[in-house]
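Structure first, then comments.
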Amino acid sequence: MKKWKENLTVLLWSIRLAYRLGPGFFLFWILFTVLLSLLPSVSLACNRRAVAVLTDFLSTGQGSFSDVVPPLLALGFLLILTGLSRRINGEFLYSLMYDNYYFGMQEYMADCIQKVDIKTLMDKTFYEDYQYCLYRSGGLNDLMSHGCITVMKSITALSLIGVAFSVSLPVGLIACGCFLLTVCCNIRLSSLLVVDDLHYNALRARADYYPAEAKNPGAAKEMRIYHTQPETLRKWKKAWQAVIRLETAYDVRRHLLSILMAACVYLSILGMSLLAIRQVAAGALSVDVFLMLYLLGESLADVNKTFSAALFEALRGLKALRLQHRFLTGVPQQNDRLLNQNAILETIASQRACSDLVFEAKNLHFSYDGKKEVLHDLNFQIKKGETVALVGVNGSGKSTLVKLLIDLYRPDQGELLFYGKKYEEYPEGSVNHEIGMFFQNFFLFHLSLRENVGFGNLKDLKNDRQILKALDMGGATALYQRFPDGLEQLLKKDVKKTGVNLSGGEQQKIAVARTHMSEKDILIFDEPAAALDPIAELEQFQNIREKTRGRTCVLISHRIGFARLADRIFVLDKGYLAETGAHEELLKKGGIYAGFFRQQAQWYEEEC
């Protein structure tokens, strides 16, 4: 009972969502579905009348042939429409509804996810469901497209059963029993046949991994060098065998269901036909009525066949929507997460004037899972116009600290202040709106150079002067000058072959230019030169230092030679703030920073 109640709740939610995504589109398909549903019954009635008129004309010779033509033409027209309506299946409707319900569901999911805190979203409690919900964005389209067919065939079946009852009570009872048996069996067995999508997706992802990696030039090179092709092929075959076993079992069960349903339907039609023949022999039925009942049996067979397939796919879509509904109603959401831009600017501007400190941490602790701490008891201040370098080995907490500074996560304990005010006291989206950020794992879009840089500040997307300035600040001017199409040059070849592929260092320069495009007063660069050679790296950091004067800047890099360009250096060690100070000051202390600096310097000294 609980499951039925949940399914009804999800079904009503899905219908409301479909109406919201396109009211006119939704109402059109309801009306169209109802009209198509009645065609078979109207055709039967017209067929009976045409046969009766034709039989009377041939047996009595009364009237004229012109009296027979109109009902025959009407019957022919209706049969054409009925034949065309049979071509409207779930797959056809799926393609017609794709834009409205597939993309519409993706947009709806994206809007909902924007209201979820990033830490909550990445929590293992929600993350797997979140990934599945995005993967099954077609659930609403499955339900609506195949649901239309299910409703259409249900109305058709009921109208045909009504016709059968109007002619013969026993025949009507057989037709009604056949349809009810089909509905009950399909609902019961379809729920058993629906594959566990989470399990199937995991198997399919593993099977798809190996051929995808083999297409990667880097992976292909490694496979040839280390001769791992046989082992990779063995694992690929094993992964695919698990997928094939699951798909085969699913296909076998589904075809058995189809055979069972077909047997029930055709046995029912046989019973209806034998009963009708007996009544004709007894003089209880006329020939035209018998012919109509025979065609009614054929129509019911077609209805039951299509109904079974459509109901199965509709229930599959409902299952996906059930999981999506659980996720969206279960994950904590924050209303009004994204504030009006003017309100953000006013909130920050008033606070900026009151404080000389941009960031301040007081006894800050943080963990991703609520158990193992990544940052421990951090205390620091970053002033306006100051350039701070974060250094430390991998896993020391540099990138995690940056995520807290830009308000992607909130600390578990302690306080983090922005312009002297706690992060919690700002409207959602206020803090990161004020920060220009270069991410270590950046992404270039399959779009023009202009768009890849201009996305850092959309209002200046058409401003050539501003984009060229950002390219210069990112060290990418020479790159732009060699492009034949200049700012309109497409990047990457995945979408269009006219695009250009770039080296890792070239991509990094464009991503840095995007950060400069923002012209924010606060800039954070997480490994902005990791893909550059040492000389180009130093030039990149010098560019950042010279062209961001007067602005607050946080720099992160594994190579600590750049740190001498900073006003102050924060040394993180295993999540603790181990040392702070200027370059020369930290060298004199002879601590962790001095050790890092000497270790990296000795490689160059030995070369000399």
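With a sphere of radius 13 Å drawn around the Cβ of Lys492, what net charge do the other residues whose Cβ falls strictly inside it have (Lys, Arg +1; Asp, Glu -1)? The answer is 0. Could you compute the net charge surrounding Ala239? Neighbours are other residues with a C-beta less than 15 Å from the C-beta of Ala239; K and R count +1, D and E count -1. Net of charged neighbours comes to +3.
Looking at the stretch 442-515, which chymotrypsin sites (Phe, Trp or Tyr not before Pro) are DSSP coil and have at most 16 other C-beta atoms within 10 Å of their C-beta?
When the chymotrypsin sites (Phe, Trp or Tyr not before Pro) of the stretch 442-515 are filtered for loop state and at most 16 Cβ neighbours within 10 Å, Phe443, Phe445, Phe455 remain.
For the stretch 405-449, which whole percent of the accessible surface, found with a 1.4 angstrom probe, sits on carbon and sulfur atoms? Carbon and sulfur atoms account for 50 percent of the accessible area of the stretch 405-449.
In terms of packing, defined here as the mean over residues of other Cβ atoms within 10 angstrom, the peptides 94-101, 143-150 line up highest first as 143-150, 94-101. The listed peptides 299-307, 217-225, 128-136, ordered by packing as a protection proxy, come out as 299-307, 128-136, 217-225 (highest mean of other Cβ atoms within 10 Å first). Across the cross-link table entries Lys383/Lys469; Lys492/Lys574; Lys384/Lys459; Lys469/Lys492, which are compared at the Cα atoms, the separations over 30 Å belong to Lys492/Lys574.
Placing R0 at 41 angstrom, the Cβ-Cβ distance between Glu128 and Lys362 gives a FRET efficiency of 0.70 after rounding to 0.05. Calculated on the Cα set of the stretch 121-264, radius of gyration then Dmax: 23.5, 79 Å.
Distance between the modelled labels on Phe28 and Arg16, one decimal in nanometres: 2.5 nm (7 Å Cα→Cβ projection).
Computed from the Cβ-Cβ distance with R0 of 56 Å, the FRET efficiency linking Ser503 to His255 stands at 0.60. Placing a pseudo-label 7 Å from each Cα along the Cα-to-Cβ vector at Glu6 and Glu424 gives an inter-label distance of 3.4 nm. In this simple spin-label approximation, Leu169 and Gln229 carry label points 7 Å from Cα along the Cα→Cβ vector, and these lie 7.8 nm apart.
Rolled with a 1.4 Å probe across the full set of protein chains, the surface gives Leu274 an accessible area near 110 Å². The alpha-carbon atoms of the stretch 1-45 define a convex hull whose volume equals 72 cubic angstrom per residue. Each Lys or Arg adds one and each Asp or Glu takes one away; over the other residues whose Cβ falls under 14 Å from the Cβ of Phe26, this sums to +1.
Loop-located trypsin sites (Lys or Arg not before Pro) in the stretch 409-456 (DSSP state not H, G, I, E or B) with no more than 10 neighbouring Cβ atoms inside 10 Å do not occur.
The values are calculated or read from the model by the stated rules, or taken from the named source; none is laboratory data. None of the values given here were measured: they were computed from a predicted structure. So basically every Cβ, Gly included, is an ideal-geometry build from the backbone, and we count neighbours across all protein chains shown. For the accessible areas, the whole protein counts, side chains as well, though only heavy atoms, and no ligand, DNA or RNA atoms are used. Shrake-Rupley method; radii C 1.70, N 1.55, O 1.52, S 1.80 Å.
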